[in-house]
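Read the structure below first, then the notes.
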């Protein structure tokens, strides 16, 4: 271990996890930004508002497969939380850092401070506070781990101090990173062999099967395998909005986006199917056009991380 400030540890860890851009509205974690400029090549993007920072981090995460990082001081924390709704629904690995109340001044009507932590509960997988500087390394590791493991999703860390001034304090720390959790997916669990055999039997028996591919295909980097499977079995492929890039729209087996904001061709093909093979999608209301496509009672197979 070495003696260092929280800012030095945090800057080193963000670089260690391969973060290339941070989306933020000043002022938050000022000392960390100074250390980032001195120690790393991470680019800081000052956004128009906190929600924009969350949206940009979401887009970064979806495009890169790595966690997107956004930040806001305490007065903007609720705006940042509002911007995480899409990331939560789309299972996008976004890491949100905010400033937070100091235990020494809680309940004393401090300037601009309210308890923001509960607002993040419904839009994050993990929602925690950092109240001691020596906890920064292990809490940041847990944030990256939670964001990318299982079904990915947003996480939130609140740093003590309205601007996260905890990063100015010193402690003996070891800011090591876990490279496995720097991208999605960190693990590739194997399916149950009996379940695979049962799915194959259903596919063999189906006369008009169709695949519905979701964002999980992109997150798993499985677009090539999806197309290979469809071509091998000659099964048409519809996608969710979040899985639109799973197959080229000009591919002969592509029938377009299914569901509410969709192509009629996709809805028609899925509605006529006698077996729907959901891959990397939760089959929610948008993808199923409020659970009317496919028809109730049609056989289905689902491959998903949860």
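The values are calculated or read from the model by the stated rules, or taken from the named source; none is laboratory data. Please read all numbers here as calculations on a predicted model, not as lab measurements. All Cβ positions, even for glycine, are placed from backbone atoms using ideal geometry, and neighbour counts span all protein chains on display.
Tabulated results
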| quantity | calculated |
| --- | --- |
| Exclusive hit being assigned to a helix (DSSP H, G or I), touching a strand residue (DSSP E or B) at 6+ places or on another chain (Cβ under 6 Å) and touching a residue at least 60 places away in the same chain (Cβ under 8 Å), set 96, 81, 87 | 87 |
| Failed criterion for residue 66 (all others in (1) surrounded by fewer than 24 Cβ atoms within 10 Å (Cβ to Cβ); (2) in contact (Cβ under 8 Å) with a residue 60 or more places away in the chain; (3) part of a helix (DSSP H, G or I) hold) | (3) |
| Members of segment 260-297 found to be in contact with a helix residue (DSSP H, G or I) (Cβ under 7 Å, 6 or more places away or on another chain) and in a loop (DSSP other than H, G, I, E, B), listed by number | 261, 280, 281, 286, 289, 293, 294, 295 |
| Residue match in segment 127-139 (condition: within 25 Å of residue 282 (Cα to Cα) and either in contact with a helix residue (DSSP H, G or I) (Cβ under 8 Å, 6 or more places away or on another chain) or at pLDDT below 95 (or both)) | yes |
| Flag if residue 271 is modelled with pLDDT of 95 or more and buried (at least 22 other Cβ atoms within 10 Å of the Cβ) | no |
| Count of segment 18-35 residues which are modelled with pLDDT of 95 or more and in a loop (DSSP other than H, G, I, E, B) | 3 |
| Hey, residue 38 crowded, with 24+ Cβ neighbours inside 10 Å, in the same structural domain as residue 165 (by TED's automatic domain parsing) and either out of contact with any strand residue (DSSP E or B) (no Cβ under 9 Å at 6 or more places or on another chain) or part of a helix (DSSP H, G or I) (or both) or not | no |
| Tabulated pairs, segment 221-237, first on the phi < 0 side of the Ramachandran plot and without any contact (Cβ under 8 Å) to a residue 60 or more places away in the chain, second part of a helix (DSSP H, G or I) and buried (at least 20 other Cβ atoms within 10 Å of the Cβ), C-beta under 6 angstrom, 6+ apart or interchain | 223/217; 223/246; 226/217; 226/246; 236/269; 237/230 |
| Criterion violated by residue 75 - all others in (1) surrounded by fewer than 21 Cβ atoms within 10 Å (Cβ to Cβ); (2) touching a residue at least 60 places away in the same chain (Cβ under 8 Å); (3) under 11 Å from the mean Cα position of the chain (by Cα) satisfied | (3) |
